[in-house]
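None of the figures in this text is laboratory data; all of them are computed from the coordinates on show. Here the structure is a predicted model, which is why all the values come from computation and not from measurement. Neighbour counts are summed over all protein chains in view; Cβ atoms, including those assigned to glycine, are modelled from backbone coordinates with ideal geometry.
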Amino acid sequence: MNSATSGRIFAIVVAIGALATLPYWMQGIYYVNVASQILFYAIFALGLNILVGYGGLVSLGHAGLFGVSAYAAGYMLQLGYGHSLAIAVALFMGMASMAVYAVLSLRATGIGFIMITLALGEILWGLAYRWISLTGGDNGISVPSRPAPFGFSMSDINTFYYITLITFIASLALCWVFVRSPFGAALRGTRDQPRRMNALGYHVWAIRFWACLFSGLLTAVSALLFVYYTQFISPQTLALTSSAEVLLMVISGGPGTLLGPIIGAGLVVIVKNVVSAFIERWNFLLGAIFVAIVILMPEGLVPGSVRLWRLAMRWRRTKGGTAP
Amino acid sequence: MSALTVTNLCKAFGGLHVTTNVNLNVEPGERRLIIGPNGAGKTTLFNLITGEITPDSGAIKLFGEDITRTPSRRRPHLGMARTYQIITLFPRDSIIHNVSLALLGLSPARWNPITNLRHQGHLIENGLKALERVGLAHIAERPLSQTSYGERRRVEIAMALAQNPKLLLLDEPFAGLSIDERQDVHKCLMAIPRDVTMVMIEHNMDVALAFAERITLLHFGEVIVEGNRAEVVDNPRTREVYLGH
């Protein structure tokens, strides 16, 4: 094992250790809740990153899918069904809508794909507003209780955090396995050279379709955590701004990396929830941060930092070589 | 049975007839050269044979099997491989990753989302074998972005060879190469055994004539001369439209 690999393993162990003990060293339950939010938004961003970063398919309608799963869970619970059934239906509905999305949007790539997903997201947002008998319109749907898997009640803030953390680690592990797999390599191939991939014997459409479903699964999982966290779902969640926000998490952190979307989710959630308490114009600040990222690190925070770090190391080495 | 039979193939883009009643018969093991001036429809003919473009009429048979309506992605599975005139590779990855992708395309493992690609030993092993045939095995792990143009041409050929094709279509494999690089590519092509049938588009007559047994001359989408080396070179039509006087 070389030093880079062992360094990486050390960093992962430290990160998991810090996250696992977070409720003990973090001051105040408010910040534990912020940490939970970062984690489930990170799952959402990881799901979108499968398409944006690895498939080269930029979706601006993912908040619609997120909303379908959240509404499905809320509606089932409102009807009086149990949590297990509500969760199963929410996951199914999320994947089913993603399949419909994929069939309609995969007729195009590039700008065409963006526009079709945008339109589909807007349709779902419109339905959430107008189909009042199902969604409650502007009033939304309240979720009366949180589930208690294996007897651990998620009503407790720390328990909610830990279950979110476990789900997050499982989702990240799934993504890690996925991107290293032959199928992951095929997906990256369709991003870089779709025509060549077709000529090599790959079914480009089917590869993209299955990648969409995987992205939809992660989106549905994060939507479930979201709806249990806020215990409320309204059309605002499906709005275009939400789709843009999660896309910004992916792009600012670094698309096509596993760490990037997580860092991006952390950045957006912290500015929205923590910094906004001190700065009234937090939207302005978030915008300024994005502009800075685009100018200084167009490839995203994670790949950009790696580049700067390498540059700094090389500079130090050459300077060290000439100094004596 | 012929390796490749093209019958009355036609393709028009609007009013522009790029392929007109093309008939082609390539025997197994043959080395066929397709020549013609710019815009003669040579690459279009390749795109029709590989299925990237659908013909308006006519038929294409691969070893007796009618593949006219077979989707282009199925054709590599039937033993057809091609290289591109404009190099079409995966620039962010290593040479061996490029060749592994070619192998993976024909393997059911391409649907596998669980195991690590690097643990698919047979892909790496066969990829290295293909790179050995073009003399690049020693730099297999090098990122493609750090290779020369001539090396990339050879990666193109290695990817096609890795798929173990029965019919290999080469679209200007010598384009843009230096004299030394041309010799390298020429050697790789001459070393390909006779169980592979090869059709090549090429402008560079020195290397192309040494390679080909039969030559087809295309002009404005039509076959105007076909025959062995001497017949085609001596034909007055060839001199008129292609070689010059």
**Complete:** Straight-line reach check, residue B:187, cutoff 28 Å on alpha carbons, 8 or more apart in-chain or any other chain, hits among lysines -> B:42, B:129, B:166
**Message:** Just to be sure I understand: with springs between alpha-carbon atoms less than 10 Å apart, which residue in A:134, A:238, A:120 has the highest mean-square fluctuation in the Gaussian network model of chain A?
**Reply:** A:134
**Item:** Qualifying trypsin sites (Lys or Arg not before Pro) for region B:115-195 [loop in DSSP, other Cβ within 10 Å: at most 15]
**Value:** B:194
**Message:** Taking just the alpha-carbon atoms of chain A, what radius of gyration and Dmax come out, in angstrom?
**Reply:** 20.7, 79
**Asked** Say R0 is 60 Å: what FRET efficiency, to the nearest 0.05, do residue A:10 and residue A:244 get from their beta-carbon distance?
**Response** 0.95
**Message:** Once R0 is set to 56 Å, what does the formula 1/(1 + (r/R0)^6) return for the Cβ-Cβ distance between residue A:283 and residue B:148, expressed as a FRET efficiency to the nearest 0.05?
**Reply:** 0.65
**Request:** Have a look at B:122, B:186, B:219 and tell me which one the Gaussian network model of chain B (Cα, springs below 10 Å) gives the largest fluctuation.
**Result:** B:122
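Loop-only check: which chymotrypsin sites (Phe, Trp or Tyr not before Pro) in region A:1-107 are DSSP coil with at most 15 other Cβ within 10 angstrom?
On the way: sites: A:10, A:24, A:25, A:30, A:31, A:40, A:41, A:44, A:54, A:66, A:71, A:75, A:81, A:92, A:101; in loops: A:81.
Counting only loop positions with at most 15 other Cβ atoms within 10 Å, the chymotrypsin sites (Phe, Trp or Tyr not before Pro) in region A:1-107 are A:81.
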**Request:** Quick one: dipole size for region B:104-214, taken about the Cα centre, charges +1 on Lys/Arg Cβ and -1 on Asp/Glu Cβ, in debye to the nearest 20.
**Result:** 380
**Message:** I'd like the FRET efficiency for residue B:187 and residue B:65, computed as 1/(1 + (r/R0)^6) with the beta carbon distance as r and R0 of 41 Å, rounded to 0.05.
**Reply:** 0.80
**Asked** With each label point set 7 Å from Cα along the Cα-Cβ vector, what nm distance links residue A:271 and residue B:213?
**Response** 6.8
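Is there a simple number for the mean count of other chain Cβ atoms within 10 Å of the Cβ of residues in A:147-160, and what is it? Spell out each step's value before the answer.
Details: counts 0, 0, 0, 0, 0, 0, 0, 0, 0, 0, 0, 0, 0, 0.
Per residue, the number of nearby Cβ atoms from other chains is 0 on average.
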**Request:** In nm, give the distance between the simple-model label positions of residue B:92 and residue A:295, each being 7 Å from the Cα along the Cα-to-Cβ direction.
**Result:** 2.7
**Request:** Determine the dipole magnitude for the protein assembly as shown: charges of +1 sit on the beta-carbon of Lys and Arg, -1 on that of Asp and Glu, nothing else is charged, the reference point is the Cα centre, and the result goes in debye to the nearest 20.
**Result:** 880
**Message:** Need one number: nm distance between label points at residue A:79 and residue A:104, each 7 Å from Cα along Cα→Cβ, rounded to one decimal.
**Reply:** 2.3
**Request:** Could you check which residue among A:115, A:313, A:249 shows the biggest mean-square fluctuation in a GNM of chain A with a 10 Å Cα cutoff?
**Result:** A:313
